[in-house]
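J.: Could you have a look at this structure, given as structure tokens, before my questions?
Please treat every number below as a calculation from the coordinates, not as lab data. Quick caveat, the model's predicted, so the values are computed rather than measured. In this analysis, Cβ positions are derived from the backbone assuming ideal geometry, glycine residues included, and neighbour counts consider all displayed protein chains.
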Amino acid sequence: MVLVSSFVVAWFQLWLVPFHILPRERGYMIMPNYNTPSEVSERNVQTDEEFRSAMECSSDSDDDNLSAILIAGKVYSKAQYIEEVEGAKLKAKELLTQINTWKLLHRSNPEIRISKEKQVYFIQDTVACTPKSLFKIIWKDNKLWNKQITDFKVVLHIDPITELIYIITAPILRGYISPRDFLDVRRMTLDTEKDIYEGAYVSVDSSIVPINGNQKVIRGINGANYVRVTRSTIDSKMSHIEWIQNSDIKCNIPRRLIEGSMCAFFRNYMENVKTFISNHPNEYP
């Protein structure tokens, strides 16, 4: 379980994944199977316009009352979604070339660094499982062990490796801190022959899931986030994870407090990953 001594710790438990959909979203959505590109079959893909049209056809009086407090976003094409996440991936990979200049918060197990200019973190660690299993736990099965995520669903299948996803976190501190939600486009790249598994995600202001203006749920923003899992060059039975984490939960917290809380969170996050793997050796070899 993730420590909740600071609400910042809980919020960042979102990352690596990703997401859920509000009750007002009536569309029928299915979580895709975790497959490599060669295993993925063709899926029916909806556009923004098609998704909204389906919602409008199924709307009732309750939805009409709710519409007054929704803040409409933009309409994206599938190409624009892909452009957003590919741009985020390039930004995050550029940051990877700079991490040796970042402030060291924790030396190992995991190594944690923070950029000097922005609240962007770098985390790396080794885990006793295959790269495919580790990426699956972080990318697809996060909700199985990350209890701070209350729900997670795919809003829109953009292509076989790209999705629009939505997540809401649980309130904490006995409800004093309200839930946050995130609407992200994410894209994975899997090279099973070389054991390289990559995933990037970034928030988008899409009209598919508008911001709720009643302030019961605060919209957080993900900048350029990137995860890379490879086989360890030191021990072939181990996997190596690198993670650029860049999120804004829209909360005014002193930087010094955030750094300490986030360091504790990342340590506990990786410990939870390792514990989950050790408890499910057959599912995650």
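J.: Given axes a ≥ b ≥ c from the Cα gyration tensor, I'd like to know whether the range 151-285 is rounded (a/c under 1.5), prolate (a/b larger than b/c) or oblate.
T.: Oblate, since a/c reaches 1.5 and b/c is not below a/b.
J.: So if R0 is 51 Å, what FRET efficiency would residue 159 and residue 256 give, r being the distance between their Cβ atoms, rounded to the nearest 0.05? Intermediate values should be presented prior to the final figure.
T.: Working: r = 42 Å, r/R0 = 0.83.
My answer for the efficiency is 0.75.
J.: A further question on this structure: Let's test the formula: R0 of 45 Å, r as the Cβ-Cβ distance of residue 215 and residue 191. What FRET efficiency results, to the nearest 0.05? Numbers along the way, then the final one.
T.: Numbers: r = 43 Å, r/R0 = 0.96.
Efficiency computed from Cβ-Cβ geometry: 0.55.
J.: Are there trypsin sites (Lys or Arg not before Pro) in the range 184-285 that DSSP puts in a loop and that have at most 16 other Cβ atoms within 10 Å, and which ones?
T.: Working: sites: 186, 187, 194, 216, 219, 228, 231, 237, 250, 255, 256, 267, 274; in loops: 194, 216, 237, 250.
Hits after loop and neighbour filter: 194, 216, 237, 250.
J.: Among 269, 166, 212, flag the residue with its Cα farthest along the positive direction of the charge dipole of the range 148-271, charges on Cβ as +1 for Lys/Arg and -1 for Asp/Glu.
T.: So the residue we want is 212.
J.: What share of the DSSP beta bridges in the range 148-285 is antiparallel, in percent to the nearest 5? Kindly include the intermediate steps, with their values, before the conclusion.
T.: Working: 38 of 40 bridges.
Percentage antiparallel, nearest 5: 95.
J.: Can you give the extra length, in nm with one decimal, that the chain gains between residue 237 and residue 86 once fully stretched, where that is 0.36 nm per residue apart less the Cα-Cα distance?
T.: Working: separation 151, 0.36 × 151 = 54.36 nm, distance 3.07 nm.
Residue separation times 0.36 nm, minus the Cα-Cα distance, leaves 51.3 nm.
J.: While we're here: With each pseudo-label sitting 7 Å past Cα toward Cβ, what's the residue 98-residue 116 distance in nm, one decimal?
T.: Using points 7 Å along Cα→Cβ, the separation is 1.1 nm.
J.: How would the range 122-199 be classified by its alpha-carbon gyration tensor: rounded, prolate or oblate, with rounded meaning a/c under 1.5 and the a/b versus b/c comparison settling the rest? All intermediate terms of the calculation are to be shown ahead of the outcome.
T.: Working: a/c = 2.76, a/b = 1.51, b/c = 1.83.
Oblate is the answer for the range 122-199, as a/c is 1.5 or above yet b/c matches or exceeds a/b.
J.: On to the next question. Which order do peptides 74-85, 123-134 fall in by mean Cβ count within 10 Å, highest first? Numbers along the way, then the final one.
T.: Numbers: 74-85: 16.6, 123-134: 21.2.
My ranking of the peptides, most packed first, is 123-134, 74-85.
J.: List the pairs from 89/118; 136/194; 143/274; 140/237; 74/118; 140/194 whose alpha-carbon separation is above 24 Å, in the order I gave them. List each step's numbers first, then the result.
T.: Values: 89/118 17 Å; 136/194 16 Å; 143/274 15 Å; 140/237 22 Å; 74/118 27 Å; 140/194 20 Å.
Over 24 Å Cα-Cα: 74/118.
J.: May I pose another question? Loop-only check: which GluC sites (Glu not before Pro) in the range 141-224 are DSSP coil with at most 13 other Cβ within 10 angstrom? Please report the intermediate quantities before stating the final value.
T.: Values: sites: 163, 193, 198; in loops: 193.
Those satisfying the criteria are 193.
J.: Let me ask something else. Each label point is 7 Å from the Cα along the Cα-to-Cβ direction; what then is the distance between the points at residue 268 and residue 74, in nm?
T.: 3.6 nm
J.: Let me ask you something else. So who's got an amide H within less than 5 Å of the one on residue 238, skipping anything under 5 residues away but keeping other chains? H placed 1.01 Å off N, in plane.
T.: 232
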